1. Keeping to the stretch 48-78, report how many residues are under 22 Å from residue 154 (Cβ atoms) and either of a type in the set (A, V, I, L, M) or in contact with an Asp or Glu (Cβ under 9 Å, 6 or more places away or on another chain) (or both).
2. Take the stretch 124-144 and flag every residue that is of a type in the set (D, E, K, R), modelled with pLDDT of 85 or more and surrounded by fewer than 17 Cβ atoms within 10 Å (Cβ to Cβ).
3. Looking at (1) assigned to a loop (DSSP other than H, G, I, E, B); (2) at pLDDT 85 or above, can you tell me which one residue 163 breaks?
4. Determine whether residue 52 is at pLDDT 75 or above and not aliphatic (A, V, I, L, M).
5. Failed condition for residue 96, given (1) within 27 Å of residue 41 (Cβ to Cβ); (2) under 18 Å from the mean Cα position of the chain (by Cα); (3) modelled with pLDDT of 70 or more, with all others met?
6. Being open to solvent by 90 Å² or more (accessible area, probe 1.4 Å) and either among the small types (Gly, Ala, Ser) or in a helix (DSSP H, G or I) (or both) is the filter here, so list the residues in the stretch 43-70 that pass it.
7. Which residues, counting only those in the stretch 19-40, are more than 13 Å from residue 83 (Cα to Cα) and either open to solvent by 60 Å² or more (accessible area, probe 1.4 Å) or of a type in the set (Gly, Ala, Ser) (or both)?
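The values are calculated or read from the model by the stated rules, or taken from the named source; none is laboratory data. Model, not experiment: these values are computed from the prediction. Heads up, the Cβs are rebuilt from the backbone with ideal geometry, glycines too, and the neighbour counts pull from every protein chain shown. The area values use the complete protein model at the heavy-atom level, side chains included, leaving out ligands, DNA and RNA. Shrake-Rupley method; radii C 1.70, N 1.55, O 1.52, S 1.80 Å.
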Amino acid sequence: MASSLALSSMEIAQSEVDLAALVETYSALLFRIVHSVLRSRTEAEDVVQDVFVRVVERRRLLGEVRDMRVWLIRIAWNLALDRRRRIRPDQMDASFAESLVARSTAADQALEEARRMTCVLREVERLPKAERHVLLLSAIEELGTAEMAQVLGRSESAVRALLFRARTRLRERLEGGRG
């Protein structure tokens with residue numbers, strides 16, 4: 001009895017160490033991904049917390065996970081999309097666009113840059129869902145085509161095609177808006 005109690009205490013301690021390492025290693029990446037979807041710092045922080053709650057709930061399965069990074073990204077991505085369905089896009093654009101503008105930019109330039117970003121974000125919202133998703137994931141530099149394919153449950157060639165179409169369509173719409 002005492003040995004099984006000691007073993008479970010060791011397992012708990014090990015899972016806490018692993019969780020702390022996971023949080024330290026992946027929380028910034030997960031935040032960037034979720035923030036790109038939700039465009040709200042508070043909502044993104046909540047979702048990242050939810051990801052790690054899911055990890056704790058499934059800690060016994062951690063040994064079966066082949067690629068921890070992709071697994072965590074997929075959880076974060078799905079939770080962000082679920083939460084996103086409850087938020088109107090116009091609730092997010094202005095403050096998110098302002099957060100993307102460099103702090104060192106002069107006030108008049110910052111205002112213009114925020115307007116341009118808002119325009120780009122609106123056009124991204126108008127893209128078909130699959131194209132929008134792959135474009136958002138590709139904006140996170142740390143995700144390659146193979147990882148995006150795993151997160152989205154698509155083939156690498158499908159991801160490349162979606163990304164090409166999304167970039168082309170976005171470029172055309174933005175250039176068409178200027179003329």
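1. Count: 10.
2. Result: 126, 129.
3. It is condition (1) that residue 163 fails.
4. Yes; evaluated as a whole, the condition is true for this residue.
5. (3)
6. Those that are open to solvent by 90 Å² or more (accessible area, probe 1.4 Å) and either among the small types (Gly, Ala, Ser) or in a helix (DSSP H, G or I) (or both): 49, 57, 59, 60, 64.
7. Those that are more than 13 Å from residue 83 (Cα to Cα) and either open to solvent by 60 Å² or more (accessible area, probe 1.4 Å) or of a type in the set (Gly, Ala, Ser) (or both): 20, 21, 24, 25, 27, 28, 32.
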